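Enquirer: Quick one: structure below, then a few questions.
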Amino acid sequence: MEILTFVGGPFVQNTALFICADGETAVLFDPGAATPTALAEARSRRLRLAAILLTHAHLDHIEGVALAHRETGAPIHLHPLDRPIYESADTHAAAWGVPFDRPPPPDAALVPGCDLAFGGSSFGVVFVPGHSPGHVIFLSRCAPVAISGDLVFQGSIGRTDLPGGDFGTLMESIRREVLTLPPETRLYPGHGPETTVGRERLTNPFLAEARGIVR
């Protein structure tokens with residue numbers, strides 16, 4: 001198992017390429033502006049892209065979905081509650097003045113509590129609304145790793161001032177689904193460097209109250 005992160009675009013978003021246990025299969029998480037570089041790396045390693053998995057549908061996390069799907073045919077997985085955001089992303093791109101290649105409809109609806117398996121690796125789908133209505137995180141079943149999107153960052157948390165965001169819901173998602181993970185769990189967020197659950201429990205200033213709840 002190997003995780004490669006590619007950063008790009010005006011939103012400085014992280015696109016993650018997960019190389020599965022068989023060494024021949026890969027999964028692309030949240031393909032943003034750095035998608036061309038991620039796809040080039042997959043080609044150079046002769047990897048088969050098995051799926052495009054989206055933690056949520058904000059513009060910066062789906063900028064590269066159309067390209068990735070067109071080049072690989074990999075199915076797109078998204079939680080249904082984020083479908084309206086996904087379908088209106090071109091409007092948001094126009095408002096930001098960002099070029100946007102409209103992606104095709106998602107191929108599969110993510111179901112929290114179910115596992116997805118690719119190339120000898122599997123991921124649990126965990127529902128964590130708050131940053132967006134249908135935000136999820138993906139928990140690796142073969143290592144203490146979570147692809148965490150815009151739920152929590154190193155020293156910060158996801159914003160809640162966008163349509164569908166809710167601060168109380170976000171904090172409850174973090175308390176219930178992130179801070180209860182083993183402290184060594186590595187978090188790969190949608191922006192910024194990777195971190196661990198243990199580090200955020202101890203040092204994240206936004207989670208001070210939660211530290212008194214989750215021990």
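The values are calculated or read from the model by the stated rules, or taken from the named source; none is laboratory data. Note that the structure is a prediction, hence the values are computed from the model and not measured. We place every Cβ from the backbone using ideal geometry, glycine too, and count neighbours over all the protein chains shown. What goes into the accessible areas is simple: the full protein's heavy atoms, side chains included, and nothing from ligands, DNA or RNA. Shrake-Rupley method; radii C 1.70, N 1.55, O 1.52, S 1.80 Å.
Enquirer: At Asp101 and Phe167, where each label point lies 7 Å from the Cα along Cα→Cβ, what is the point-to-point distance in nanometres?
Expert: Going from the Asp101 label point to the Phe167 one covers 3.9 nm.
Enquirer: Taking amide H positions as placed 1.01 Å from N in the peptide plane, with prolines and chain starts having none, which residues 5 or more places from Phe153, or on another chain, fall under 5 Å of its amide H?
Expert: Gly158
Enquirer: For the chain, modelled as a GNM with alpha-carbon contacts under 10 angstrom, which of Leu110, Leu187, Leu162 fluctuates the most?
Expert: Leu162
Enquirer: Measure off, as a whole percent, the carbon and sulfur share of the 1.4 Å-probe accessible area of region 53-119, all protein chains present. Provide the component values of the computation, followed by the final result.
Expert: Numbers: 1780 of 2990 Å².
C and S atoms contribute 59 percent here.
Enquirer: May I pose another question? Would you calculate, for the chain, the mean residue ellipticity at 222 nm contributed by helices, counting each DSSP H stretch of 4 or more residues as -39,500 (n - 2.57) and dividing by all residues, to the nearest 500?
Expert: Values: 8 runs with 53 residues, N = 215.
Calculated mean residue ellipticity at 222 nm is -6000 deg cm²/dmol.
Enquirer: What is the distance in Å between the Cα centroid of region 139-161 and that of region 11-87?
Expert: Here the two parts' Cα centres lie 17 Å apart.
Enquirer: Compute the distance in nm between two label points, each set 7 Å from the Cα along the Cα-to-Cβ direction, one at Glu2 and one at Asp90.
Expert: Each label point lies 7 Å from its Cα, and together they span 3.8 nm.
Enquirer: Continuing with this model, one more query. If R₀ is 22 angstrom, what is the calculated FRET efficiency for the pair Arg159 and Leu67, using the beta carbon separation as r and rounding to 0.05? All intermediate terms of the calculation are to be shown ahead of the outcome.
Expert: Details: r = 26 Å, r/R0 = 1.18.
After rounding, the FRET efficiency stands at 0.25.
Enquirer: As a test of reading the structure, rank Arg46, Arg201, Arg176, Arg70 by solvent-accessible area (1.4 Å probe, protein chains only), most first. Walk me through the numbers on the way to the answer.
Expert: Details: Arg46 210, Arg201 55, Arg176 95, Arg70 150 Å².
Descending order: Arg46, Arg70, Arg176, Arg201.
Enquirer: Hey, another quick one. Averaged per residue, what accessible surface does region 52-193 expose to a 1.4 Å probe, in Å²? Walk me through the numbers on the way to the answer.
Expert: Working: 5540 Å² over 142 residues.
Result: 39 Å² per residue.
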